[in-house]
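Scroll down for the structure; my scribbles are underneath it.
Just so it is clear, none of the values below were taken in a lab; they were calculated from the coordinates. This one's a predicted model, so the numbers in the text were calculated from it and none came from an experiment. Glycine also receives a Cβ, built like all others from the backbone with ideal geometry; neighbour counts cover every protein chain displayed.
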Amino acid sequence: MEYEDVLREHLGEFGRYQKLAALLTVLIGPSVGATMFAQAFLAATPAHHCRFYQNDSSAMYGHPSERLSSSVPMENVDGTWRYSSCLMYNGSGETSTESNQTVTCSHGWEYDQSVYHSTVVTDYDLVCERHWLKELGQSIFMVGVAAGGLISGTTSDRFGRRPTVVACIVIQLISGLAAAFTTDYVTFLVLRLLAGGAANGAFYVGLTLGIEVVGSSKRNVVGMTISSSWNPGAVFLAGLAYFLRDWWSLQLAVSLMSVPLLSYWWLLPESPRWLLSNNRIKEAKISIQKAAKFNRVTIPDDVYEKVITKAKDKEPGEKCKKYSLVDLFRGPRLRRFTVTVSLVWFATVVVYYALIIGSADLAGDPYLNFVLGALLEWGLSFVGLVAMEKWGRRPVVGGFLFLTGAACLAVAATPTERRDVIRYISLLGRCAIGVAFNCLAVYSPEVFPTVVRTMGVGVANMWSRVGGILSPFVSLLADVWPPLPMITFGILCTLGGAGVFSLPETFGIPLPDTLEDGENLGRKQPTKIVKTDRRTASKRDCDVIRDNGVFYLT
């Protein structure tokens, strides 16, 4: 008997125990979302211009227009004339001699504080010739996220889902708190790297645990709810950023969101499916018994014996095989799944973070833009949930990637002076890629077998964060030709959508547990018939395969 049968026939696919486990994993999402997207406000770039005197303060932003006109040249940016952010007239400041010759800012910059009181950009002057350091910071953060996905995937498959989630929560909290009190940019980046890796690990290992404890008929709902749970965190982040206009206080508040999750050391259950797959027979039996008691059902003793026999052909306590990343590439089909899922994640995340981080820079109020995008994505995620219940995984994930690609290409074709049109199309693309992202987060763990599930998700996640690392630099292609970033994003989404359709459909199919199950995923399985049906089988319009005296229909 399979663990899936125990859920369906005895324990219940979505009893009180499963609901509690799913709720606990859902509650990880908001703190992760706030941590992931905090860079949009922590490293926001306000309006700025050259400081005129060595002792000028950024609080003095907003000099009389005649002084600006005599000290700062005008420049055309996307069809709009405005004061230069990076140039000043030679002689402005310490001497009264004026010249039409322009030079770079020699005394630093003054920043508009009407929206942001301070950001990492204003504290460390990450503008003009130093603006690449801001993009580098986002890329370094993504390096941490990528490493965290890979490391947490490996430790989760080896040591368990629960201890990995708890360890990630602790690291996320400590590194996040420390980042709020840094006094140099390098230390800030290192701590944000650790926080990002831990947050990513907690989220995806928690997602895996959540879909493993419920039955196949509830996987879609639970997985989609977990995967979209960081949208409330993004909305809450925008609210915090609106009231906390200094970057360090925002970073501190975001970090404190993880404090209640420390209780997971006592509250979060381990995945019985993982315990059985790793021959932790005694612990698996105790876990199932606790679940049965919590669900107020009784499971016959012979059911436990059948599950244990099916799970392992070894004696309980016998050392079981330890799987590694190499096992993801041993079989031809599992190898193809791993590579394809990784490439689809890469394309999705390149566009996802570019559109989300960039939403605060669209025309209009940055806080409203961010909240509007997060709410729309959250709402449309439930559209994705309903669509996956009706049509399955592939059409929904691939379809929303195609929609995002079309939106990006439409933005590239829209004249820059039509900023209102660009704003609405960009929000459409941001919502579509968000739905694809959330649906892909549900789809990916279902492709990999239990014994290497979080490792497989970790590898795909690592490649997705390579996309996140490159995403800020793709945006810099606008310096070559303004439409080029959006054209690149459109092509990547289109290719990613095509890649999805080369994967097997997993909707309504029990999760694969072994490497052999992973190899057979998506294949049409032969139907077993008994020996006495040999004559009947021969008359059917199908092939009959004989294996050790047992006949199969194919």
### Task
Distance from a point 7 Å along Cα→Cβ of residue 296 to each backbone N in the stretch 16-39: keep the residues under 18 Å and list them by number.
16-21
### Message
Placing one identical point scatterer on every Cα of the chain and ignoring solvent, what is log10 I(q)/I(0) from the Debye formula at q = 0.07, 0.09, 0.10 Å⁻¹?
### Response
-0.46, -0.71, -0.84
### Task
For the stretch 151-254, just the Cα set please: Rg and Dmax, both in angstrom.
15.8, 51
### Query
Under a plain spin-label model, where a point goes 7 Å from the Cα along Cα-to-Cβ, how far apart in nm are residue 262 and residue 421?
5.4
### Task
Would you work out which of 21, 373, 286 lies farthest towards the positive end of the dipole of the chain, given +1 charges on the beta-carbon of Lys and Arg and -1 on that of Asp and Glu, about the Cα centre?
286
## Note on the structure
Note to self: C-alpha centroids of the stretch 201-273 and the stretch 34-50 sit apart, in Å, by 23
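Determine, for each peptide in 279-286, 149-156, 169-176, 120-127, the mean count of other beta carbons within 10 angstrom over its residues, then list the peptides with the highest first.
Details: 279-286: 19.0, 149-156: 24.6, 169-176: 22.5, 120-127: 20.5.
Order by mean packing, descending: 149-156, 169-176, 120-127, 279-286.
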### Task
Pick out, from 69, 119, 474, the residue whose Cα sits farthest towards the positive end of the charge dipole of the chain, with +1 on the Cβ of Lys and Arg and -1 on the Cβ of Asp and Glu.
474
### Query
How would you rank 401-413, 451-463, highest first, on the average number of other Cβ atoms within 10 Å across their residues?
451-463, 401-413
### Message
Tell me the angle of helix 247-256 to the major Cα principal axis of the chain, expressed in degrees between 0 and 90 and rounded to the nearest ten.
### Response
20
### Task
Would you mind checking the tilt of helix 185-213 against the longest principal axis of the Cα atoms of the chain, expressed as 0 to 90 degrees and rounded to 10?
30
#### Entry: Per-peptide average of other Cβ atoms within 10 Å, ordering 213-220, 331-338, 440-447 highest first
440-447, 213-220, 331-338
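Given the pairs 19/282; 322/390; 218/293; 218/322, which are separated by over 27 angstrom at their Cα positions?
On the way: 19/282 24 Å; 322/390 38 Å; 218/293 21 Å; 218/322 29 Å.
Too far apart for the 27 Å limit: 322/390; 218/322.
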### Query
Helix 230-243 versus the longest principal axis of the chain: what angle, 0 to 90°, nearest 10, using Cα atoms?
20
### Message
Considering only C-alpha atoms, what is the centroid distance from the stretch 395-423 to the stretch 495-521, in Å?
### Response
29
